[in-house]
Amino acid sequence: MELLINLTINGLATGMLIFLLASGLTLIFGLMSVLNFAHGGLFAWGAYSGVWFYSLTGSFFLGILGAILTGAILGFITEKLIITPVYGNHVQQILITLGFMLVLTEMLKVVWGPNQIAAKVPPYLAGSYEFGDVLIIKYRLFIIFVGFLIFGIFQYMLQKTKIGLVVRAGVMNKEMVQALGINIKRVFLYVFMTGAALAALGGVLFAPYSGVIYAEMGFEFAILAFIVVVIGGMGSFSGSLSAAILVGLAGSYMAYYVPALSLAVNMMLMAIVLIFRPQGLFTAKG
Amino acid sequence: MKRKFQLNHYLLVVIVLALVIFPFVSDSRTWTILLTQIFIFSILAMSYDILLGYTGIVSFGHAMFFGMGAYTTAVMLKRIEPTMGMFILSIGVGMLLAGLISFFIGLLTLRLKSHFFAMLTLAVSGLFLVLAEKWRTLTQGNDGFTFKAPEFFKDRVMFYLVALACLVLVYLFLRRFVNSPFGRVLVAVRENEQRTRSLGFNPLHYKVIASVVAGVIASLAGSLYAVSLRFVNTSVLTMDITLDALLMTIIGGVGTLIGPIVGAGVIELAQHYLSGLAKEYPIFERWIIFFGIVYILAVVFFPRGIVGTVREQIWKRKTKKDGSKPVPKKEVL
């Protein structure tokens, strides 16, 4: 029982991290049909800058804020320099965002060196809770909490506010939104920056979770995020949460019971979804 | 125009002859090895260009075919016997494997839109990488293993000549391939898939065959690569290999066959010199950054690459002289 609970919590925590990465990706795709292959790079930048701010100020909270800020700034730069020039050309977008991913990853190594960096859990989140004989690590609960919090905030904003209305309408039909006098490109810029900030938040939360950060982590998580976006349906915010939890749990159970298949199972899931239901399992309702 | 092409032919023949004579004139080991490496990566980049440049498919999984060839050759030479016959057989087996796998993957995935395809190939090649890392009894994972090359290749020059011969053969084959009616349809698919379909061609059919050809040739490059190092580990399956092919193709010139060769030359040479510079200036240890930046600039400003841009200039000058109509600009990417 204890094992099952721990595996579930572990899977949920990983799922939340993937969700933070995938939610931005899916909105960006839904809005402008841009598949951002550099998203993992923003994740890694979030982790590095967050850890850096944390060690500088000694406050984990400031570290998180710093990472979010870094993510938003990088998102702004990416959108202006990388996405805008090739807007509307899919092949070029794929190629250029991948190139930018390369630059982001290497820049990390220039700034912080090529070695792994250790990241500590802040003291007030270290340790674990005991319920009878079940031991639950605090930090994982914290990640799950933040994940659901972010989901709640964004779901509220998407469903109840005017900005959310514009974004949702844009995902459905961006020409129509444009025709109604809304500058969809500006909306897209904000969504892109928000997506990048979310990715960076995911990165900084990941750092103490894994204990070490390294430049290639962005790429590894980006692949998981792509899988989630495909399974959840491009452009579906709540779909990406369900799919992220699914992928996180599948990964966590598989890693324990059938370790050899842990990555394969997600890839196969994606392949099956792509072949039989390319619009995703949880498509945004029209 | 006919005369011009013939001039180009002569130029190519002269270059190839110069390259054949080169190792007998100069006894620089570094250069022989570097040029061999360039030949091998030229083959890989050309195969990639069949997908990217001629058919307009972005694949992020090209490394898996390269790795398949490398592992097939390495395992067969190590496990059975390091002879020339086994080397040739292993190339054949690698090509067959790569062909089969690219056929099935293509059949399943090529009907998808470009970004889905890019993602799926990325995932599948990731799967192969994991497989190679886990199947330690065969591959010894990330540590890799060394093996003996056939006696014939003890002399680096012999291997240099074989790689050059492979390059020339692959070039001639691919040129025949892209200039055939089949290759024309590929270009048509790239330009406008729907119109091609309405003309009665089934684009999926053509795309699958293009991806099989690209996979098979990438496997050949992998086999040669493994023998050139006499060592193989999982790095042959990583994204880096795909990125190399991508960079070479983009920088050299998409949609041409000479372009990837030029690109391979430029990148391998630059890599060689920049990592040499790294001893004095540490920033050059991260030479990938320069490539990344050049690559991004190339995608935005010179989507036709070195060869494409040069060709365009030549055309412009010619048409100005003739006073004839300029050739309509064709966007490859």
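The values are calculated or read from the model by the stated rules, or taken from the named source; none is laboratory data. This one's a predicted model, so the numbers in the text were calculated from it and none came from an experiment. Every residue, glycine as well, gets a Cβ built from its backbone with ideal geometry; the counts of neighbours run over all protein chains shown.
Figures for the structure shown
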item	result
Those residues of region B:94-130 which are within 14 Å of B:PHE66 (Cα to Cα) and touching a Leu at 6+ places or on another chain (Cβ under 9 Å), in sequence order	B:GLY94, B:MET95, B:ALA98, B:SER125, B:GLY126, B:PHE128, B:LEU129
Selection count where residues are at pLDDT below 90 and surrounded by 19 or more Cβ atoms within 10 Å (Cβ to Cβ), scope region B:83-99	1
Residue match in region A:58-69 (condition: more than 20 Å from A:VAL146 (Cβ to Cβ), buried (at least 22 other Cβ atoms within 10 Å of the Cβ) and touching a residue at least 60 places away in the same chain (Cβ under 8 Å))	no
Flag if A:PRO85 is outside any helix (DSSP H, G or I) and either within 14 Å of chain B (Cβ to nearest Cβ) or out of contact with any Pro (no Cβ under 9 Å at 6 or more places or on another chain) (or both)	no
Tally of residues being out of contact with any His (no Cβ under 9 Å at 6 or more places or on another chain) and more than 8 Å from chain B (Cβ to nearest Cβ) across region A:88-104	2
One residue from B:GLY259, B:GLY292, B:GLY276 being within 14 Å of chain A (Cβ to nearest Cβ), of a type outside the set (Ser, Thr, Tyr) and over 23 Å from B:GLY69 (Cα atoms)	B:GLY292
Pairs, first in a helix (DSSP H, G or I) in region B:237-256, second among the acidic types (Asp, Glu), C-beta under 6 Å, six or more apart	B:THR249/B:ASP49
Any hit, region B:132-155, residues being within 28 Å of A:LEU35 (Cβ to Cβ), more than 20 Å from the chain's Cα centre (by Cα) and either within 14 Å of chain A (Cβ to nearest Cβ) or not in a helix (DSSP H, G or I) (or both)	yes
Top-ranked residue in region B:204-256 [being in contact with a Ser or Thr (Cβ under 9 Å, 6 or more places away or on another chain) and of a type in the set (D, E, K, R); ranked as nearest to the other protein chains (Cβ to nearest Cβ)]	B:LYS207
Single unsatisfied condition, A:VAL171 versus (1) out of contact with any Ser or Thr (no Cβ under 7 Å at 6 or more places or on another chain); (2) within 30 Å of A:GLU2 (Cβ to Cβ); (3) surrounded by 15 or more Cβ atoms within 10 Å (Cβ to Cβ)	(2)
Which numbered condition A:SER49 fails, given (1) over 28 Å from B:LEU120 (Cα atoms); (2) surrounded by fewer than 24 Cβ atoms within 10 Å (Cβ to Cβ)	(2)
Failed item, numbered, when B:LEU161 is tested on (1) under 19 Å from the mean Cα position of the chain (by Cα); (2) within 14 Å of chain A (Cβ to nearest Cβ)	(2)
Filtered residues of region A:105-152 (kept if within 14 Å of another protein chain (Cβ to nearest Cβ) and assigned to a helix (DSSP H, G or I))	A:THR105, A:GLU106, A:MET107, A:LEU108, A:LYS109, A:VAL110, A:VAL111, A:TRP112
Region A:198-234 - residue that is assigned to a loop (DSSP other than H, G, I, E, B) and more than 14 Å from every other protein chain (Cβ to nearest Cβ) and, of those, surrounded by the fewest Cβ atoms within 10 Å (Cβ to Cβ)	A:GLY211
Any hit, region B:29-48, residues being over 19 Å from B:TYR225 (Cβ atoms) and assigned to a helix (DSSP H, G or I)	no
Flag for A:THR14 being polar (S, T, N, Q), in contact (Cβ under 8 Å) with a residue 40 or more places away in the chain and surrounded by 24 or more Cβ atoms within 10 Å (Cβ to Cβ)	yes
Region A:260-275 residues that are within 7 Å of chain B (Cβ to nearest Cβ), paired with ones that are outside any helix (DSSP H, G or I) and not basic (Lys, Arg) (beta carbon under 8 Å, 6 or more apart)	A:LEU274/B:LEU112
Looking only at region A:17-46, and only at residues there that are part of a loop (DSSP other than H, G, I, E, B) and modelled with pLDDT of 85 or more, the one that is surrounded by the most Cβ atoms within 10 Å (Cβ to Cβ)	A:ASN36
Qualifying residue in region B:234-242 (condition: crowded, with 19+ Cβ neighbours inside 10 Å and over 20 Å from the mean Cα position of the chain (by Cα))	no
Region B:177-213, residues that are aliphatic (A, V, I, L, M) and under 29 Å from B:LEU97 (Cβ atoms)	B:VAL178, B:VAL185, B:LEU186, B:VAL187, B:VAL189, B:LEU204, B:VAL208, B:ILE209, B:ALA210, B:VAL212, B:VAL213
Region B:108-131 - residue that is surrounded by fewer than 18 Cβ atoms within 10 Å (Cβ to Cβ) and in contact (Cβ under 8 Å) with a residue 40 or more places away in the chain and, of those, farthest from the other protein chains (Cβ to nearest Cβ)	B:ARG111
Which listed residue is hydrophobic (A, V, I, L, M, F, W, C) and either touching a strand residue (DSSP E or B) at 6+ places or on another chain (Cβ under 6 Å) or exposed (fewer than 14 other Cβ atoms within 10 Å of the Cβ) (or both), from A:ILE144, A:ILE184, A:ILE136, A:ILE150	A:ILE136
So B:PHE173, is it in a helix (DSSP H, G or I) and either buried (at least 16 other Cβ atoms within 10 Å of the Cβ) or within 14 Å of chain A (Cβ to nearest Cβ) (or both)	no
Residue match in region A:9-27 (condition: within 9 Å of chain B (Cβ to nearest Cβ), under 28 Å from B:PHE116 (Cβ atoms) and of a type in the set (Val, Ile, Thr))	no
Residue in region A:243-259 that is nearest to the chain's Cα centre (by Cα), counting only those that are among the hydroxyl-bearing types (Ser, Thr, Tyr) and within 12 Å of A:LEU12 (Cβ to Cβ)	A:SER252
Qualifying residue in region B:217-230 (condition: in contact with a helix residue (DSSP H, G or I) (Cβ under 9 Å, 6 or more places away or on another chain), assigned to a helix (DSSP H, G or I), in contact (Cβ under 8 Å) with a residue 24 or more places away in the chain and surrounded by fewer than 22 Cβ atoms within 10 Å (Cβ to Cβ))	yes
Exclusive hit being more than 25 Å from B:VAL93 (Cα to Cα), in contact with a Leu (Cβ under 6 Å, 6 or more places away or on another chain) and polar (S, T, N, Q), set B:THR32, B:THR55	B:THR55
